[in-house]
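J.: Would you mind keeping the following structure in view while I ask a few things?
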Amino acid sequence: MTAAGGPPAGDLPPLVDHHCHGVLRYEPDAAEFAGLLTEADRPAAAGTTFFDTQTGFAVRRWCPPLLGLPAHCPPERYLARRRELGPEAVRRRLLSATGIGVYLVDTGLPGDLTGPAETAGAGGGTGREVVRLETLAERLAAGLAANGPVVAEEFTAALDRAVRAAARTAAAFKSVAAYRHGLALDPRPPGPDAVRTAARDWLAAGAPRLTDPVLLRHLIWLAVATGRPLQLHTGFGDPDLRLDRADPALLTDLLRATADTGTDVVLLHCYPYHRQAAYLAAVFPHVYADVGLTLTHTGARAAAVLAEFLELAPFGKLLFSTDAYGLPELYVVGSALFRTALAELLDGWTASGAWSAADARRVGAMIAAGNARRVYGLEDGGTADGPEDGGR
Ligand SMILES: [Zn+2]
C-alpha cells in the first residue's frame, strides 16, 4: 500500500512518470486551482464549476484522505485544509503517496514551478529533464537578441549546438508542433537554405512564438539526430491547439521517414485518437504511446479508455505518465487512476482466463515502469542514469 488513503500499489514496481511538469511553488487561490483541473483556458461557464468533471471528482476521491479529510469532501473544505498546511507540506504529502520513483519533467512551461529534482525530491524519487524544443529555440533567440541584432547563421549554429548539448543530460526531447502548426508537417528534413531563410524571417519579426513549420521540422530533425527519444504532443490539450490537427495519424509520413533513424518517438496524450496512436505503435517499431493525461481526464471511465489503448498497442509500447502540471493533486490522480484502471482490466482478463496471472503481472510492470526504463535508457531500480537535473 502507498500512504493512508492512497490506492493499492499491487504488484507494480515504482512508477516511471515519463511525462510530467513542475507544480506551483505557491498556494493557488480557488480560481487558479480549479483552472488547473481543466484544459480550458477561460473560467468555467456561469453556473458551472471545473470541480464537476471526472478530474474534479477524482481529486475529491483520492486527495482529501492524504490531507486528513474524508474522501469526496466539498472542494471548499479541501482548499481550506490545503491553505492550512501550506504548499510545501501539501506537495510532500501528496507526491509521496503516488508510488512514482522517477519523474521525467518537461521544463518548457512558464510559471513559478518546481524543477525536476525539486518535484521528484518532494515525492522521494529522482528527476530528469525533458527539453521542450520550441522553448529551447525561443529562449536561445531571446538570449542572443539581448546582445543586439542576430544573424540567421549565428542563430542556426547556436541552435544546433544547444540541441546537442541538451541531449547530453536530457532524458528526452519534446515537440509541441501540434500546438504551433498542427501535425500535418512535411515529413522531410528542411534543407539548410530553407532553414536559414525561415530563421532570418522569424528573427526579423522579433522571434515571436515559434510557429514557422520549417523551423518546427528543423527542430524535430535536430532532435532525431541526437538519438534521444522524441516526445510529440498529440490529441487533446488546451484550446491553443486545433484538435483536428493533432490527430497522430497525421504523423504517418514523418514516422515512416524516421523509422530507420534509431530514434524512438513517443506519442503523448493521444485522446481521443488513442486508437490511432495504438495502431501507429503497433506498426512502427520505433513508436510508443502514452496513457497519461487521458486517464486523468476520463476519471471513472479510465479503465474503459485504457482498455481501448490495449486493444491494438503491443504491451511493450504503452507508457504510464500523469502529465501532472501545477497541482500535486494531478500526480495523485494520474497515478491512482492508472493503478485502479490497470488492476480492473488485468483482474478481469485473468479471471476470465484470457490472460495468465503471471502475464498480467508482467505486462502491468512493463506499462508502469519497464517500457519507459528501456525507451529512455534508465537504470533498473530506483534511480535514473545520467546527471540529475538541478531544477532549471
Ligand atoms: Zn504535458
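Bear in mind these aren't lab numbers, they're just calculated from the coordinates by the rules spelled out. A quick note: this is a predicted structure, and the numbers were derived from the prediction, not measured. Here Cβ is always computed from backbone atoms with ideal geometry, including for glycine, and neighbour counts include all displayed protein chains.
J.: Would you calculate the volume per residue, in Å³, of the smallest convex hull containing every Cα atom of the range 1-123?
T.: Output value, Cα hull per residue: 112 Å³.
J.: For q values of 0.10, 0.11 Å⁻¹, compute log₁₀ I(q)/I(0) with the Debye formula on a Cα-only model of the chain, without solvent.
T.: Listed by q, the Debye log ratios stand at -0.63, -0.77.
J.: What's the ranking of 171-184, 346-359 by average number of surrounding C-beta atoms within 10 Å, highest first?
T.: Final packing ranking: 171-184, 346-359.
J.: Return the single residue from Gly316, Gly299, Gly143 with maximal mean-square fluctuation; model: Gaussian network over the chain, springs between Cα atoms under 10 Å.
T.: Residue with maximal mean-square fluctuation among Gly316, Gly299, Gly143: Gly143.
J.: Take the Cα pairs of the range 87-206, get the Kirkwood Rh, then feed it into Stokes-Einstein at 4 °C and 1.567 mPa s and tell me D in µm²/s.
T.: It comes out at roughly 78 µm²/s.
J.: Go through the range 361-370 residue by residue and turn each phi into a ³J(HN,Hα) via Karplus (6.51, -1.76, 1.60, θ = phi - 60°); whole Hz please, and just put x for glycine and proline.
T.: Couplings: 4, 5, 5, x, 5, 5, 5, 5, 7, x Hz.
J.: With label points built 7 Å along Cα→Cβ from the Cα atoms of Glu153 and Arg256, find their separation and express it in nm.
T.: Reported label-point gap for Glu153 and Arg256 is 3.7 nm.
J.: Rounded to the nearest 0.05, what FRET efficiency do Ala300 and Glu379 give with R0 = 35 Å and r taken as the Cβ-Cβ distance? Could you check?
T.: Result of the calculation: an efficiency of 0.45.
J.: Quick one: if you take sqrt(5λ) for each eigenvalue of the C-alpha gyration tensor of the range 138-262, what semi-axes come out, biggest first, whole angstrom?
T.: 24, 17, 14
J.: Next question. Compare the peptides 112-119, 15-22 by average per-residue count of other Cβ atoms within 10 angstrom and give them in order, highest first.
T.: For the peptides 112-119, 15-22, the packing ranking is 15-22, 112-119.
J.: What value in Å³ per residue do you get for the convex hull of the alpha-carbon atoms in the range 200-275?
T.: Per-residue hull volume (Cα only) is 111 Å³.
J.: Report the full-extension gain for the segment Ala282 to Glu84: residue separation times 0.36 nm, less the Cα-Cα distance, to one decimal in nm.
T.: Full extension of this stretch gives 66.4 nm more.
J.: Pairs of alpha-carbon atoms within less than 8 angstrom and 6+ residues apart define the contacts here; what relative contact order does the range 253-355 have, in percent?
T.: Relative contact order comes out at 24 percent.
J.: What area, in nm² and to one decimal, does the C-alpha convex hull of the range 158-201 cast on average over all directions?
T.: If I average the Cα hull's projected area over directions, I get 4.1 nm².
J.: Starting at the first residue of the range 207-219, write each ³J(HN,Hα) from the Karplus equation 6.51 cos²θ - 1.76 cosθ + 1.60 with θ = phi - 60°, in whole Hz, x for Gly and Pro.
T.: So the Karplus estimates, Gly and Pro as x, are 6, x, 3, 7, 10, 5, x, 5, 5, 4, 5, 4, 4 Hz.
J.: Name the residues whose placed amide hydrogens come within less than 5 Å of the amide hydrogen of His19, ignoring near sequence neighbours (fewer than 5 apart) on the same chain.
T.: Leu104, Thr322, Asp323
J.: Now, a different point. Under the rule of at least 5 residues apart or a separate chain, name every residue whose amide H is placed under 5 Å from the amide H of Glu129.
T.: Here Val105, Ala171, Asp389 satisfy the definition.
J.: Just to be sure I understand: of the beta bridges DSSP finds with both ends in the chain, what percent are antiparallel, rounded to 5?
T.: The antiparallel fraction comes to roughly 5 percent.
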